[in-house]
Amino acid sequence: MNYLVDDQVLFLTSYPPRECGIATYSRDLINAISAKFSRNFNIRVCALEDKDLRLKYPEEVIYTLDTRKESDYFRLAEEINANDLIKMVFIQHEFGLFGGTNGEYVFRLLFSIRKPVSVTFHTVLPHPDDKLHQTVKAISHLVESIVVLTKQSAKILSETYGIKSHKLMVIPHGTHLIKWKRKVDVKENYGLADKLVLSTFGLLSRNKSIETAIDAIPAIKDKFTNVLYLVLGKTHPGVVDSEGEKYRSFLEQKVRDLQLEDNVMFVNRYLYLAELLNYLRLTDIYLFTSNDPYQAVSGTFAYAMSCGCPIISTPIPHAVEMLANGGGCIVDFNKPDQMAISTTALLENRGKLDSFSRRGFQLTRASAWDNVAVPHARLFGSLISGKEELIYNYPKLTLKHICKLTDSKGIIQFADNCEPDIESGYTLDDNARALIALCMHYRLSFNGKDRELIGIYLKFIKQCQIEGGTFLNYVDKDGFHSEKNHYVNLEDSNGRALWALGVLISHGDILPENYISMAEAMLLDCLPWTKTLTSPRSIAF
């Protein structure tokens, strides 16, 4: 490996404590990359500023850029070029973040910098005028690679802007890995146990079209008097600068006019992550009401889906792409009647509501920040050294989920997301796997809990052995052998049981003698039928 811990990747982005979606996105991405790949490179930040007020940044911020001043772009380029530790620059691009028409001031930096540059386009407009088309094309010529967050954005850049596909990389918006939890349990902590909760969150601005949802509430309330719509988040700082709280006042007046004071609640503050995720976890349906058909992606949408919120959304490309596989439904822009009909129908169909919740939760596991960090790190490696090999910081081993799935009988076959599903019963297969894993872990830990679990799994295997030395695989939740054993081929599970017994015996130097004698007796009973195995995998076991 040629990576040095001193190799720095410089993110050019808005950054907390600045309050904007890209700032939050960048912080979450940087945290994930730094946690997983700190032995490959260090992440540093140049924070974008457009006000005279200077914010107090964390230590990873080593530069700032006043995006209003053309001269500051040249100054920053010179400093980056002179810093030998910086190996590449990664720009988080939104047209409004940079000065000039269509953010054209960024060219002062791109023309001057002498290091590899990659850019993430957070907005990709499908019908550009000539000026915007030229701007995007010019940026694409000046950078080594372009990251977009949806397949639709990549398609638009390829077909509308003529950008070569080899320069484009689709990496989805990251999400936070949270534990599955019953909504009623979270609601109780907020005094909302008796409410059907709808919500929308994000920094408020007119393109959120919150009025669409508010106008839908009366029709929903007619059928569900206990409905509560939460509008989560403060007004966007840029909106406050330009018009104050005019939009929020408009929404609050609408609530009064419609006599919805008991059914709409504004949580008027910037929500930090833990509180935000709790609000989303208690939400029965998330309403995404953006009126911008060209909004390529939404972090609020991604976070809601990852928290198990069924979603009713207007048809921005991100929503259409994500909900095509389940998790919610689409309504037209600015159509409160459609929003009301879809919401009411979903609240009436608890089975579908639960299905959408689980489907969305499962679909977003692949886009967890830890996973999204990997293609970003590979991209950085390819631009810094021409290689994508990475040195991972592996997480600490934990047996929490195995312990949660194990009761006095054995390890339960399936989980309902994060919770044990006792209705699925138990299998020899899973208990053999668990026995192998715990023997290996015990050699590392010498933890008494490991020894206790090994005893449970060994006893389960003993329970499954029948006359002649073979094993049954399926055991129901009450500990009885299932009828399924009579019509399913059990060779694989039998072979795996032999493997597990052999592994346990090979740990005889550290395990209790009674464990070893029990395993040896079972193994000797198995020997007569081992020559009759025909499954290649069973023979391998």
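The values are calculated or read from the model by the stated rules, or taken from the named source; none is laboratory data. Everything numeric in this text was worked out from a predicted model, so none of it was measured. Please note: Cβ atoms are built from the backbone with ideal geometry, for glycine as well, and neighbour counts cover all protein chains shown. Calculation scope for accessible area: heavy atoms of the full protein, side chains included, ligands and nucleic acids excluded. Shrake-Rupley method; radii C 1.70, N 1.55, O 1.52, S 1.80 Å.
Condition check: open to solvent by 30 Å² or more (accessible area, probe 1.4 Å), in contact with a Leu (Cβ under 8 Å, 6 or more places away or on another chain), over 30 Å from Asn268 (Cα atoms) and modelled with pLDDT under 95. Does Leu132 satisfy that?
It is false that Leu132 is open to solvent by 30 Å² or more (accessible area, probe 1.4 Å), in contact with a Leu (Cβ under 8 Å, 6 or more places away or on another chain), over 30 Å from Asn268 (Cα atoms) and modelled with pLDDT under 95.
Touching a residue at least 60 places away in the same chain (Cβ under 8 Å), open to solvent by 20 Å² or more (accessible area, probe 1.4 Å) and outside any strand (DSSP E or B), is that true of Asp354?
No, not satisfied.
For Trp499, indicate whether it is aromatic (Phe, Trp, Tyr), under 19 Å from Gly410 (Cβ atoms) and surrounded by fewer than 18 Cβ atoms within 10 Å (Cβ to Cβ).
yes
Please verify whether region 453-461 includes one or more residues that are at pLDDT 95 or above and aromatic (Phe, Trp, Tyr).
For region 453-461, residues at pLDDT 95 or above and aromatic (Phe, Trp, Tyr): present.
Among the residues of region 377-416, how many are touching a Ser or Thr at 6+ places or on another chain (Cβ under 7 Å) and either closer than 20 Å to Lys459 by Cα or open to solvent by 50 Å² or more (accessible area, probe 1.4 Å) (or both)?
So the answer is 4.
Checking Val124 against (1) among the hydrophobic types (A, V, I, L, M, F, W, C); (2) in a loop (DSSP other than H, G, I, E, B); (3) open to solvent by less than 30 Å² (accessible area, probe 1.4 Å); (4) under 30 Å from Val264 (Cβ atoms), only one condition comes out false. Which one?
Against the list (1) among the hydrophobic types (A, V, I, L, M, F, W, C); (2) in a loop (DSSP other than H, G, I, E, B); (3) open to solvent by less than 30 Å² (accessible area, probe 1.4 Å); (4) under 30 Å from Val264 (Cβ atoms), Val124 comes up short only on (4).
Can you find a residue in region 470-481 that is over 24 Å from Glu423 (Cβ atoms), crowded, with 17+ Cβ neighbours inside 10 Å and of a type outside the set (Asp, Glu)?
yes
Could you list, in sequence order, the residues of region 128-167 that are part of a loop (DSSP other than H, G, I, E, B) and either more than 26 Å from the chain's Cα centre (by Cα) or within 26 Å of Ser112 (Cα to Cα) (or both)?
Pro128, Asp129, Val143, Glu144, Thr160, Tyr161, Gly162, Ile163, Lys164
Of all residues in region 206-235 being of a type in the set (Asp, Glu) and over 19 Å from Asn268 (Cα atoms), which is most open to solvent (accessible area, probe 1.4 Å)?
In this case the residue turns out to be Asp222.
Can you tell me which residue among Thr364, Thr427 is closer than 23 Å to Gly495 by Cβ, touching a residue at least 60 places away in the same chain (Cβ under 8 Å) and open to solvent by less than 60 Å² (accessible area, probe 1.4 Å)?
Step by step, each of Thr364, Thr427 is checked, and only Thr427 is closer than 23 Å to Gly495 by Cβ, touching a residue at least 60 places away in the same chain (Cβ under 8 Å) and open to solvent by less than 60 Å² (accessible area, probe 1.4 Å).
Does any residue of region 481-493 turn out to be of a type outside the set (Ser, Thr, Tyr), in contact (Cβ under 8 Å) with a residue 24 or more places away in the chain and at positive phi?
The answer is no; no qualifying residue exists.
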